[in-house]
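The values are calculated or read from the model by the stated rules, or taken from the named source; none is laboratory data. Keep in mind the model is a prediction, meaning the values are calculated, not measured. Cβ coordinates were reconstructed from backbone atoms using ideal geometry, including for glycine residues, and neighbour counts include every protein chain displayed. Please note that ligands, DNA and RNA were not included when accessible areas were found on the heavy atoms of the full protein model with its side chains. Shrake-Rupley method; radii C 1.70, N 1.55, O 1.52, S 1.80 Å.
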Protein chains: 2
Amino acid sequence: MERVEMQPTYDVGIIGAGQLARMMAQAAIPLGLRLRLFAQSAIDGAALIWPDVEIGSPDDPDAVAAFASECGIVTFDHELVPSTSLERLMQNNTTLRPGPSTLAFAQDKRWQRERFADLGFPVPPFGVVKSVQDVATFAIDWGWPLALKTSYGGYDGRGVWRIENPNDVTTLLASLSSNTRDMIVERWIPIEREIAVMVARSPSGQIATYPVVQTLQVDGICREIVVPAALSVAQSNRAIDLACEIAKAIDLTGVMAVEFFVAGDDVLINEIATRPHNSGHYTIEGCTTSQFEQHLRAVMDWPLGATDLRFACVVTVNLLGGSNAREPRAGLPKALAIAGVHVHLYGKGARPGRKLGHVTAVGTDLNDVRERAWRAAEILTGEPAEVAK
Amino acid sequence: MERVEMQPTYDVGIIGAGQLARMMAQAAIPLGLRLRLFAQSAIDGAALIWPDVEIGSPDDPDAVAAFASECGIVTFDHELVPSTSLERLMQNNTTLRPGPSTLAFAQDKRWQRERFADLGFPVPPFGVVKSVQDVATFAIDWGWPLALKTSYGGYDGRGVWRIENPNDVTTLLASLSSNTRDMIVERWIPIEREIAVMVARSPSGQIATYPVVQTLQVDGICREIVVPAALSVAQSNRAIDLACEIAKAIDLTGVMAVEFFVAGDDVLINEIATRPHNSGHYTIEGCTTSQFEQHLRAVMDWPLGATDLRFACVVTVNLLGGSNAREPRAGLPKALAIAGVHVHLYGKGARPGRKLGHVTAVGTDLNDVRERAWRAAEILTGEPAEVAK
């Protein structure tokens with residue numbers, strides 16, 4: 001019998017249906033791409049606005065494989081897909097972009113640090129933690145305080161602890177369940193400034209980088225993204241060059257955010273995310289091609305789009321749920337009255353600390369642009385914008 | 001029993017699910033608006049990309065009323081909704097934006113011409129046609145050729161005929177079914193240039209106008225939109241002022257396109273569309289607020305957004321299905337390689353003459369921007385871009 005090559009029903013399947021998938025879906029509409037989403041729940045942000053949604057857990061290899069079987073390419077809204085599911089997809093010859101070996105760099109911090117150090121990339125001094133004694137030994141070289149980080153599953157400040165002394169280590173390790181005890185210890189970097197670079201790379205090797213952004217984190221959660229970052233040309237070029245080198249070294253397909261600590265004239269790699277990222281939301285209005293369209297172009301192996309900044313200044317402020325549990329929708333008309341402010345709501349219910357949306361302001365004067373972005377955020381969340389003051 | 005005020009399930013219901021609804025849905029995502037679409041078919045452009053879709057005919061008052069009952073506001077993707085359905089919605093106290101009396105101006109060309117003439121708006125010389133004799137009488141005053149137009153249902157060049165002599169009238173009237181015989185006759189305007197203005201108006205009376213565009217029609221179908229239009233300041237202001245006056249006179253809610261013939265120093269009203277319109281697709285990339293977001297803001301009675309042009313030149317070219325019935329998707333990677341070109345596909349199957357999508361190019365030099373837009377269109381449709389040459 002002749003083998004018939006079937007066209008897949010969907011061009012791209014996305015594992016995860018949060019705000020990143022929601023904004024990818026928005027970018028897929030004009031391109032005419034047929035997307036399919038693998039959601040945890042029918043009320044995930046992207047599941048609310050897209051017709052082709054399967055509900056399931058990324059921990060279930062059968063469900064993930066059934067979902068992927070109708071998709072030409074599979075990509076990701078988050079990294080929290082266990083190796084059992086990824087291995088099943090590999091057995092089925094699913095086209096994963098990025099692939100599992102690339103994902104591992106974002107999933108496993110210990111692996112990333114060890115490989116990056118081998119490759120000569122600048123990472124903070126680190127050590128592997130098997131016991132309290134390992135931390136004490138590391139502290140002899142690097143002093144206190146220290147950062148303890150889980151290798152797997154940390155995000156938005158979760159999975160990272162500032163450790164002041166040996167007692168803190170004992171208390172922390174005792175409090176963690178055994179499966180989160182694969183940890184690394186790092187020198188606590190006195191943060192002068194945090195920056196991030198978005199880079200896109202296609203399977204055929206085309207690379208495009210976006211302007212360097214400055215990020216403001218509070219309690220490990222990103223609150224504000226400012227473009228352009230206040231950096232020397234040398235620092236900026238260094239960050240962009242490193243992002244490109246990492247993209248090649250890990251065989252990236254799609255977009256990746258690389259977050260750096262600025263340390264004097266050099267930069268140190270903090271984290272990477274091999275997918276669209278909060279630090280790139282500003283590209284929707286700020287750049288010719290948004291990170292979401294770029295990710296789709298890259299995973300389809302289509303030409304990458306221009307990444308030039310369209311405005312002198314672009315500022316994004318995240319809308320975090322406040323203690324008031326206020327729905328940002330209530331303040332929308334008032335926020336939309338502010339000139340040059342674009343509001344993005346994710347369709348999620350309000351919970352304290354949850355990312356409910358973001359606003360992006362554009363303009364020519366940085367103080368003015370920041371003020372408008374924070375004013376809109378304050379209206380939408382009902383929380384005072386202390387950070388900006 | 002106490003009456004409980006129920007929140008509607010959907011913020012906005014859209015009657016029709018073509019490309020205008022598709023682009024409205026895209027604009028609704030960041031605003032967190034809950035949309036519901038009333039589609040003729042499950043493969044309508046917007047029905048392919050939105051989860052909340054009812055299938056039905058706008059000619060069926062029961063189906064339209066059932067659809068509208070769960071929507072806070074009902075708006076339109078097209079004007080082809082008969083009065084029987086609109087009257088049922090009025091009986092049910094549905095909030096229609098625009099309302100039926102506004103829609104009538106777009107639905108009924110005879111009514112529009114008569115009312116606009118009464119209001120002193122500049123319309124071409126016209127007459128009502130009941131018989132061949134009416135046309136002959138009109139021709140005594142205005143000469144041949146003449147334009148014959150159906151009052152209802154014409155679009156994209158359909159429902160408009162150029163008439164050279166009395167024999168043409170007899171032949172045409174005999175060929176039409178009786179329900180399309182409510183016609184008007186107009187002087188054939190020697191077209192120097194066609195322009196259009198998009199205006200938005202909210203129920204609370206806020207008005208915003210967009211830059212004047214120049215449109216290029218071939219066989220009555222819009223092929224290209226160029227911004228800025230080559231006009232004197234006086235002509236441009238006249239068109240913008242008239243668009244605002246018409247918006248107020250017809251009590252517009254939402255956006256409206258007013259198409260004009262340029263005739264010496266004055267402008268003559270050609271057509272109006274009380275909804276987002278092809279001549280406004282350029283606003284997606286070209287202006288701070290797209291016509292689609294603006295329409296949603298207006299019907300929600302939210303503040304209107306800024307309408308400023310973001311680039312020196314913006315050119316949109318429609319992708320019309322060619323005799324080759326080629327799907328534009330095949331050329332997408334090659335078209336995306338052209339700098340500063342944004343592609344919008346509508347998800348429709350290719351048929352000769354059908355609008356399958358559009359491309360918008362932006363830049364600083366008009367010749368360069370036009371060349372890039374037409375080059376992308378040629379790649380996507382496989383049809384030579386003779387028009388631009």
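Step by step: first the residues of the range A:151-167, then only those that are under 10 Å from A:Trp188 (Cβ atoms) and part of a strand (DSSP E or B), then the one that is nearest to the chain's Cα centre (by Cα). Which residue is that? Result: A:Arg162.
Every condition in (1) among the charged types (D, E, K, R); (2) open to solvent by 30 Å² or more (accessible area, probe 1.4 Å); (3) under 22 Å from the mean Cα position of the chain (by Cα) is met by B:Arg113 except one, and the failing one is (2).
Results for (1) open to solvent by less than 20 Å² (accessible area, probe 1.4 Å); (2) over 30 Å from B:Ser83 (Cα atoms); (3) in contact (Cβ under 8 Å) with a residue 24 or more places away in the chain, shown as yes or no for each residue.
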{"site": "B:Ala147", "(1), (2), (3)": "yes, no, yes"}
{"site": "B:Val169", "(1), (2), (3)": "yes, no, yes"}
{"site": "B:Glu194", "(1), (2), (3)": "no, yes, yes"}
{"site": "B:Ser202", "(1), (2), (3)": "yes, no, yes"}
{"site": "B:Gly205", "(1), (2), (3)": "no, no, no"}
{"site": "B:Ala208", "(1), (2), (3)": "yes, no, yes"}
{"site": "B:Gly220", "(1), (2), (3)": "no, no, yes"}
{"site": "B:Arg223", "(1), (2), (3)": "no, yes, yes"}
{"site": "B:Leu231", "(1), (2), (3)": "no, yes, yes"}
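The criterion of being of a type in the set (A, V, I, L, M, F, W, C), out of contact with any Phe, Trp or Tyr (no Cβ under 8 Å at 6 or more places or on another chain) and open to solvent by less than 30 Å² (accessible area, probe 1.4 Å) holds for A:Leu31.
Within the option set A:Ala39, A:Ala68, being open to solvent by less than 10 Å² (accessible area, probe 1.4 Å) and within 14 Å of chain B (Cβ to nearest Cβ) holds for one residue only, A:Ala39.
None of B:Thr102, B:Thr9, B:Thr94, B:Thr84 is open to solvent by 10 Å² or more (accessible area, probe 1.4 Å) and farther than 30 Å from A:His344 by Cβ except B:Thr84.
Taken as a whole, the range A:124-131 holds no residue that is within 26 Å of A:Ala298 (Cβ to Cβ), among the aromatic types (Phe, Trp, Tyr), in contact with a helix residue (DSSP H, G or I) (Cβ under 8 Å, 6 or more places away or on another chain) and touching a residue at least 12 places away in the same chain (Cβ under 8 Å).
Among the residues making up the range A:288-301, those that are more than 16 Å from the chain's Cα centre (by Cα), open to solvent by less than 20 Å² (accessible area, probe 1.4 Å) and within 12 Å of chain B (Cβ to nearest Cβ) are A:Thr289, A:Arg297, A:Ala298.
The set of residues from the range A:331-382 being crowded, with 17+ Cβ neighbours inside 10 Å and facing chain B (nearest Cβ under 8 Å) comprises A:Leu332, A:Leu336, A:Gly340, A:His342, A:Val343, A:His344, A:Leu345, A:Tyr346, A:Gly347, A:Gly357. One residue is enough: does the range A:122-135 have a residue meeting the conditions more than 26 Å from A:Ser83 (Cα to Cα) and hydroxyl-bearing (Ser, Thr, Tyr)? The answer is no, given that none of the residues of the range A:122-135 is more than 26 Å from A:Ser83 (Cα to Cα) and hydroxyl-bearing (Ser, Thr, Tyr). Scanning the range B:277-287 for residues that are in contact with a helix residue (DSSP H, G or I) (Cβ under 8 Å, 6 or more places away or on another chain) and more than 10 Å from chain A (Cβ to nearest Cβ) yields B:His277, B:Gly280, B:His281, B:Thr283. Residues in the range A:302-319 that are open to solvent by 30 Å² or more (accessible area, probe 1.4 Å) and of a type in the set (Phe, Trp, Tyr): A:Phe311 alone.
Only one residue in B:Gly322, B:Gly254 is buried (at least 24 other Cβ atoms within 10 Å of the Cβ) and away from every other protein chain (no Cβ under 11 Å), so which one is that?
On the way: B:Gly322 fails: buried (at least 24 other Cβ atoms within 10 Å of the Cβ).
Result: B:Gly254 is the single residue among B:Gly322, B:Gly254 that is buried (at least 24 other Cβ atoms within 10 Å of the Cβ) and away from every other protein chain (no Cβ under 11 Å).
Could you list, in sequence order, all residues of the range B:152-166 that are modelled with pLDDT of 85 or more and either open to solvent by less than 10 Å² (accessible area, probe 1.4 Å) or among the acidic types (Asp, Glu) (or both)? B:Ile163, B:Glu164 - these are the residues of the range B:152-166 that are modelled with pLDDT of 85 or more and either open to solvent by less than 10 Å² (accessible area, probe 1.4 Å) or among the acidic types (Asp, Glu) (or both).
Sort out which residues of the range A:125-150 are within 14 Å of A:Leu173 (Cβ to Cβ) and assigned to a loop (DSSP other than H, G, I, E, B), and write them in order of number. Correct list: A:Lys130, A:Ser131.
Return the total of residues in the range A:328-342 being within 13 Å of B:Leu33 (Cα to Cα) and either touching a residue at least 12 places away in the same chain (Cβ under 8 Å) or of a type in the set (Asp, Glu) (or both).
Pass one, the range A:328-342, residues within 13 Å of B:Leu33 (Cα to Cα): A:328-330, A:332-333.
Imposing the further condition that a residue be either touching a residue at least 12 places away in the same chain (Cβ under 8 Å) or of a type in the set (Asp, Glu) (or both) reduces the set to A:328-329, A:332.
Count: 3.
Report yes if some residue within the range B:84-106 is small (Gly, Ala, Ser), in contact (Cβ under 8 Å) with a residue 12 or more places away in the chain and within 14 Å of another protein chain (Cβ to nearest Cβ); otherwise report no.
In the first step, residues of the range B:84-106 are kept if they are small (Gly, Ala, Ser); the result is B:85, B:99, B:101, B:104, B:106.
Among the residues that remain, those that are also in contact (Cβ under 8 Å) with a residue 12 or more places away in the chain are: B:85, B:99, B:101, B:106.
Applying the additional criterion that residues be within 14 Å of another protein chain (Cβ to nearest Cβ) yields none.
Among the residues of the range B:84-106, not one is small (Gly, Ala, Ser), in contact (Cβ under 8 Å) with a residue 12 or more places away in the chain and within 14 Å of another protein chain (Cβ to nearest Cβ), which makes the answer no.
Cβ separations smaller than 8 Å between residues 6+ apart or across chains give no pair from the range A:14-26 residues that are more than 11 Å from chain B (Cβ to nearest Cβ) and under 12 Å from A:Leu48 (Cβ atoms) to residues that are assigned to a helix (DSSP H, G or I) and of a type in the set (Ser, Thr, Tyr).
Could you tell me whether the range A:342-349 includes any residue that is among the small types (Gly, Ala, Ser) and not in a strand (DSSP E or B)?
Kept after step one, since they are among the small types (Gly, Ala, Ser), are these residues of the range A:342-349: A:347, A:349.
Imposing the further condition that a residue be not in a strand (DSSP E or B) reduces the set to A:347, A:349.
Within the range A:342-349, one or more residues are among the small types (Gly, Ala, Ser) and not in a strand (DSSP E or B).
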